[in-house]
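Just below is one structure, and these are the notes that go with it.
The values are calculated or read from the model by the stated rules, or taken from the named source; none is laboratory data. No experiment lies behind these values; they were computed from the predicted model shown. Methodologically, a virtual Cβ is constructed for each residue, glycine included, from the backbone with ideal geometry; neighbour enumeration extends over all protein chains shown.
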Amino acid sequence: MPTYDMKNIKTGEIKEMFISIAKKEELLASGEWEQKILSPTAMVTHTGNIINKTSGDWKDLLKKMKSETSIGESSGLSAAQRRKHGLAENTIKL
């Protein structure tokens, strides 16, 4: 059975009801209840460029990792395989 948020028209009370569709239709037809559709809040998870908002220490660590790591030697993949999987070049711009 689904869960519905139903609002009592007389009291304004909103209740979460675990009822069948038939029971929901019955409550709506009685005129005492209406279905309340709650919408989620809008969230902003990220704006702008993350690299520009990081500390200098993090950027230094990325530079060190880039200089000490060679994708071709450590991965064991051919040049075609590295390109296929997006490993041909470092896409992080510091």
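Structure summary
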| item | result |
| --- | --- |
| Residues that are surrounded by fewer than 14 Cβ atoms within 10 Å (Cβ to Cβ) and either touching a residue at least 60 places away in the same chain (Cβ under 8 Å) or of a type outside the set (Ser, Thr, Tyr) (or both), drawn from the stretch 15-27 | LYS15, GLU16, PHE18, ILE21, ALA22, LYS23, GLU25, GLU26 |
| Residue, modelled with the highest pLDDT, within the stretch 58-75, restricted to residues that are surrounded by 12 or more Cβ atoms within 10 Å (Cβ to Cβ) and aliphatic (A, V, I, L, M) | LEU61 |
| Selection within the stretch 29-57 - part of a helix (DSSP H, G or I), among the hydrophobic types (A, V, I, L, M, F, W, C) and modelled with pLDDT of 75 or more | ALA29 |
